[in-house]
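Colleague: After the structure tokens below, expect a handful of questions from me.
The values are calculated or read from the model by the stated rules, or taken from the named source; none is laboratory data. Given the structure is predicted, the values throughout are model-derived calculations rather than measurements. Please note: Cβ atoms are built from the backbone with ideal geometry, for glycine as well, and neighbour counts cover all protein chains shown.
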Amino acid sequence: MDILSLLGGKIQSIREKNGITQDQLGERAGINAKYVSAIERGQKNLTILTLEKIAKGLDVELFELLILPAELEPKQRASKAIESLLKHADAKTLNLCLDFLRKASS
């Protein structure tokens, strides 16, 4: 499978998981729904700026769209997801996570 198809599949998977239609994603991202459809089918070579708009429309970090199947091992994938979630966490949340991890690893 080529990279455009993999990327399109990733976008479609996240969109469907979040219960968003192509029309809704297009509206949120400021792009045409037919363009969203073509991207998801791997038929368009989109720019990084368009990819950024799509990430915002899906409410995910841009790098999450670029983690394609089999690109990362499960441990690396989990680490990146945790890193993304904690990036904007406050001190209280970070300390709770630290306590949880300490207890889980003992």
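Colleague: Test residue 89 against the stated conditions and say whether it is exposed (fewer than 15 other Cβ atoms within 10 Å of the Cβ), in a loop (DSSP other than H, G, I, E, B) and among the hydrophobic types (A, V, I, L, M, F, W, C). Walk me through it before giving the result.
Modeller: Values: exposed (fewer than 15 other Cβ atoms within 10 Å of the Cβ): yes; in a loop (DSSP other than H, G, I, E, B): yes; among the hydrophobic types (A, V, I, L, M, F, W, C): yes.
Taking the combined requirement at face value, the residue satisfies it.
Colleague: For region 2-74, list the helices (runs of 4 or more DSSP H) that sit wholly inside it and hold at least 2 residues that are at pLDDT below 95 and either under 16 Å from the mean Cα position of the chain (by Cα) or assigned by TED's automatic domain parsing to the domain that holds residue 84 (or both); which are they? Spell out the reasoning first.
Modeller: Values: elements: 3-17, 22-29, 33-40, 48-58, 62-66.
Correct list: 3-17, 62-66.
Colleague: Go through region 1-58 and give me each residue that's surrounded by fewer than 16 Cβ atoms within 10 Å (Cβ to Cβ) and closer than 19 Å to residue 84 by Cα.
Modeller: Hits for region 1-58 are 13, 17, 18, 52, 56.
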